[in-house]
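Here's the structure we're looking at; comments come further down.
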Amino acid sequence: MKYEAVIGLEVHAQLLTDSKLFCGCSTKFGAEPNTQVDPICLGLPGVLPVLNRRAVEYAVRMALATSCKVNRQSVFARKNYFYPDLPKGYQISQYTEPLAERGWLDIDLDGERKRIGITRIHMEEDAGKLLHGEGPEDEAFSFVDLNRTGVPLIEIVSEPDMRASDEAQAYLKALRDILVYLEISSGNMEEGSFRCDANVSIRPAGSSKLGTKAELKNMNSFKFVKEAIDYEIARQTDLVESGGKVVQETRLFDSARGVTVSMRSKEEAHDYRYFPEPDLLPLIVEEEMVEEVRSALPELPQAKRERFISEYGIPAYDAGVLTSSKDLAAYYEEVVNETDEPKASSNWIMGELLRLLKEDNRDVKDCPVSPKGLANVMKMVKAGEISGKIAKEVFEEMYRTGKSAGEIVKAKGLTQISGEEELARIVDGIIAANPENVERYKSGKTALFGFFVGEAMKATRGKANPQVINKLLKEKLGG
């Protein structure tokens with residue numbers, strides 16, 4: 001029997017507010033453990049939470065960007081469970097009445113578009129963090145860092161609309177891109193600002209009945225999400241085909257071995273004993289606020305990609321790379337505005353610029369070469385002042401030193417040689433020095449033409465104008 005996978009994702013995104021969801025403590029990442037806490041996020045007796053308005057605005061922004069309906073009223077609830085990094089013994093979340101519902105997100109995969117439903121987006125506070133290690137004599141220990149306790153999160157719950165790990169990965173990337181474009185989350189998976197749990201089940205192909213699901217946790221990269229889902233689909237398929245049954249449970253992904261391992265039986269909602277948070281009134285979101293947030297939404301990644309393809313005539317692949325970040329897209333548009341060369345600008349950015357940024361693990365917003373600086377290099381090539389090969393060397397030196405293209409070309413004497421009289425003498429010398437290759441070329445070994453071009457470029461240290469060299473060689477070699 002053939003089976004199909006049914007996949008739904010629960011994504012937690014940390015909001016980029018300066019303070020926590022219900023208190024004024026800092027949310028800055030990387031501080032000394034337990035230094036960003038106060039009586040409220042520590043859950044001390046007698047304290048009262050106060051809701052962060054900016055966090056609500058950010059959550060509404062994401063809801064609108066994913067076509068969700070923002071509910072006029074939503075209710076915070078206590079989700080009760082014990083864990084060492086949860087000082088109150090409960091987490092303030094939303095349950096029966098979330099902030100937003102019934103949205104969707106389109107993903108593009110292999111040239112096809114698919115719509116993934118979004119069940120709900122709700123707000124909640126984060127828990128702390130456990131730090132595990134081993135002391136002397138291999139004695140295990142765990143430390144608790146409560147800095148993250150109370151940091152504002154939104155949880156985005158998808159419909160079980162995905163059928164393969166590629167779709168889940170594409171959905172996750174699209175979701176992260178939107179969060180970053182909206183400037184409401186860093187989307188940094190390594191820092192825990194963007195976390196994903198996957199619900200995976202299988203069922204006979206063609207069936208509409210859902211199978212028993214396993215929830216996968218501990219996936220901190222897009223690569224691991226794909227690997228974990230693929231492994232789990234294979235595990236469940238092997239289990240069912242051998243006569244076993246899938247049990248509902250939470251499983252951890254062991255990235256070192258590429259396997260999922262059982263962690264605990266999956267809790268049901270009643271295990272958490274949800275009830276309305278008595279210290280918080282229902283959250284009322286006025287239509288005026290929703291429209292204010294809607295009017296300030298930026299151009300989103302998918303719309304920007306489509307515009308780049310139609311307006312600049314670049315391939316879909318180029319548009320996908322260039323819009324992978326808001327800053328990169330802005331950099332590209334500035335270069336195009338300066339040069340009026342969309343495809344050449346794309347080639348330079350995807351080739352030389354991204355190569356150098358990747359080598360230094362640097363973001364484009366920290367790039368030492370401005371869009372105007374890159375445009376000047378491209379203009380020099382177009383004007384015949386420097387060759388394409390030299391231009392790449394010049395650009396890299398601009399990146400390393402911060403100098404302008406003009407300064408580097410002048411200081412190193414890199415101006416392109418375009419004079420036919422000077423280049424003709426060089427070509428004549430190369431032909432005279434290689435009589436055997438000349439005869440072979442004339443007898444039909446036309447691939448040797450590249451040899452002569454290479455010798456000319458070598459003789460001029462790459463400064464010869466390639467078009468002029470090609471023209472002169474064709475004339476002098478006869479065709």
From ALA59, ALA55, ALA77, ALA63, residue being among the aliphatic types (A, V, I, L, M), at pLDDT 95 or above and over 22 Å from MET189 (Cα atoms)
ALA77
Taking the residues in the stretch 138-178 that are at pLDDT below 95 and among the small types (Gly, Ala, Ser) as candidates, determine which candidate is nearest to LEU48 (Cα to Cα).
SER142
Applying the selection to the stretch 143-175, what residues are touching a Gly at 6+ places or on another chain (Cβ under 6 Å), under 20 Å from VAL60 (Cα atoms) and surrounded by 23 or more Cβ atoms within 10 Å (Cβ to Cβ)?
SER158
Could you tell me which numbered condition MET189 fails, if it satisfies all but one of (1) in contact (Cβ under 8 Å) with a residue 40 or more places away in the chain; (2) out of contact with any Pro (no Cβ under 9 Å at 6 or more places or on another chain); (3) in a loop (DSSP other than H, G, I, E, B)?
(1)
Filter result (surrounded by fewer than 19 Cβ atoms within 10 Å (Cβ to Cβ) and either over 30 Å from the mean Cα position of the chain (by Cα) or part of a loop (DSSP other than H, G, I, E, B) (or both)) within the stretch 386-414:
GLY388, LYS389, GLY402, LYS403, SER404, GLY406, GLU407, LYS410, ALA411, LYS412, GLY413
Given the criterion within 30 Å of LEU51 (Cα to Cα) and without any contact (Cβ under 8 Å) to a residue 60 or more places away in the chain, identify the matching residue among GLU338, GLU306, GLU288.
GLU288
For the stretch 209-321, which fully contained helices (runs of 4 or more DSSP H) count at least 1 residues that are closer than 30 Å to GLU334 by Cα and in contact with a helix residue (DSSP H, G or I) (Cβ under 9 Å, 6 or more places away or on another chain)?
287-295, 301-312
Per the filter on the stretch 75-92, residues without any contact (Cβ under 8 Å) to a residue 40 or more places away in the chain and either surrounded by 19 or more Cβ atoms within 10 Å (Cβ to Cβ) or part of a strand (DSSP E or B) (or both) are TYR90, GLN91
Reported set for the stretch 121-163 where residues are free of Cβ contacts under 8 Å to residues at least 40 places away in the same chain and among the charged types (D, E, K, R) is GLU134, GLU137, ASP138, GLU139
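The values are calculated or read from the model by the stated rules, or taken from the named source; none is laboratory data. All values derive from a computational prediction rather than experimental measurement. Neighbour counts are summed over all protein chains in view; Cβ atoms, including those assigned to glycine, are modelled from backbone coordinates with ideal geometry.
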